[in-house]
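Right, one structure below, let's go through it.
The values are calculated or read from the model by the stated rules, or taken from the named source; none is laboratory data. Since we're looking at a predicted model, the values are computed, not measured. Ideal geometry is used to build each Cβ from the backbone, glycine not excepted, and the neighbour counts take in all protein chains shown.
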């Protein structure tokens, strides 16, 4: 389990912008909105000394959500990622990252489980 | 969700996507991965060029489910595999068609929905499902 993110606020403006981008009406956050907080928790993977993961080498392969409670304006959200699987492979390693999303009040919002493919770095010999 | 029973089809929705839509999603979601904005960055990881965020296609699909279900807070478990990228040309538009079918309804009214999401006639999401609780 990696360090949790610093608390991040939910605002009506952010929800409405997200909803507009996915074709949902303003107001209640669209179903995938919690992912915007989950992905912040991935920074801990990028920062980890014993992993070699960078955002620009990632391709998102699968995404699942298990949601307990909706996010509403006024919530302060923290997200914490756990690397639950890492399979090295030629070309790209396959990672499964389970991210718990909670409010600072202690409510569990849900869990976002992501399968990511991380391309290896270009060979040094390629110059 | 009236007449909820296996076999019930959700109203199909078709969305037309441009790079402006990708930029709007990137800004709203905080996703700064350059594969969604820069052709060279996308090609560097083996993609044909700029592609839509998998989460944009999933977000669009689940927004359709939320509309059917009477609100986003009805969705309790949902997700998909990103099986095919959706390239978005710099000056063009691509379609995203979202269809769904109720596959099961539990005793308490919780519904299982299978989604078919295609672009240019090809499936872009795999194993796209949503579990929706009754009101």
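Determine which single condition residue A:118 fails, assuming it passes every other condition in (1) loosely packed, with under 15 Cβ neighbours inside 10 Å; (2) at pLDDT below 95; (3) over 30 Å from residue A:15 (Cβ atoms).
In the conditions (1) loosely packed, with under 15 Cβ neighbours inside 10 Å; (2) at pLDDT below 95; (3) over 30 Å from residue A:15 (Cβ atoms), residue A:118 misses (1) alone.
Here is a list: A:72, A:77. Which entry is at pLDDT 95 or above, within 15 Å of the chain's Cα centre (by Cα) and within 16 Å of residue A:8 (Cβ to Cβ)?
On the way: A:72 fails: within 15 Å of the chain's Cα centre (by Cα).
Of the residues listed, the single one that is at pLDDT 95 or above, within 15 Å of the chain's Cα centre (by Cα) and within 16 Å of residue A:8 (Cβ to Cβ) is A:77.
Looking only at segment B:23-43, filter to residues that are within 8 Å of chain A (Cβ to nearest Cβ) and in a helix (DSSP H, G or I); which one of those is nearest to the chain's Cα centre (by Cα)?
If we take residues in segment B:23-43 being within 8 Å of chain A (Cβ to nearest Cβ) and in a helix (DSSP H, G or I), then B:25 is nearest to the chain's Cα centre (by Cα).
Does residue A:39 fit the bill of being buried (at least 19 other Cβ atoms within 10 Å of the Cβ), within 14 Å of chain B (Cβ to nearest Cβ) and at pLDDT below 95? Show your work before the answer.
On the way: buried (at least 19 other Cβ atoms within 10 Å of the Cβ): yes; within 14 Å of chain B (Cβ to nearest Cβ): yes; at pLDDT below 95: yes.
Yes; evaluated as a whole, the condition is true for this residue.
What strands (runs of 3 or more DSSP E) lie completely within segment A:29-126 and have 2 or more residues being without any contact (Cβ under 8 Å) to a residue 40 or more places away in the chain and closer than 28 Å to residue B:130 by Cα?
Values: elements: A:58-67, A:76-87, A:92-103, A:108-119.
Result: A:76-87, A:92-103.
Go through B:96, B:4, B:56 for me and flag whichever is touching a residue at least 60 places away in the same chain (Cβ under 8 Å) and not in a loop (DSSP other than H, G, I, E, B). If you could, list the steps in order and put the result at the bottom.
Details: B:4 fails: not in a loop (DSSP other than H, G, I, E, B); B:56 fails: touching a residue at least 60 places away in the same chain (Cβ under 8 Å).
Sole residue among the options that is touching a residue at least 60 places away in the same chain (Cβ under 8 Å) and not in a loop (DSSP other than H, G, I, E, B): B:96.
Testing residue B:46 on (1) surrounded by 15 or more Cβ atoms within 10 Å (Cβ to Cβ); (2) within 8 Å of chain A (Cβ to nearest Cβ), one condition comes back false. Which one is that?
(1)
Please tell me if residue B:49 is closer than 24 Å to residue A:111 by Cβ, in contact with a strand residue (DSSP E or B) (Cβ under 9 Å, 6 or more places away or on another chain) and outside any helix (DSSP H, G or I). Give the derivation first.
Details: closer than 24 Å to residue A:111 by Cβ: no; in contact with a strand residue (DSSP E or B) (Cβ under 9 Å, 6 or more places away or on another chain): yes; outside any helix (DSSP H, G or I): yes.
Here the answer is no, as residue B:49 does not meet what is asked.
Can you report the number of residues in segment B:7-22 which are more than 7 Å from chain A (Cβ to nearest Cβ) and either exposed (fewer than 15 other Cβ atoms within 10 Å of the Cβ) or assigned to a strand (DSSP E or B) (or both)?
Residues that pass the stated criteria total 9.
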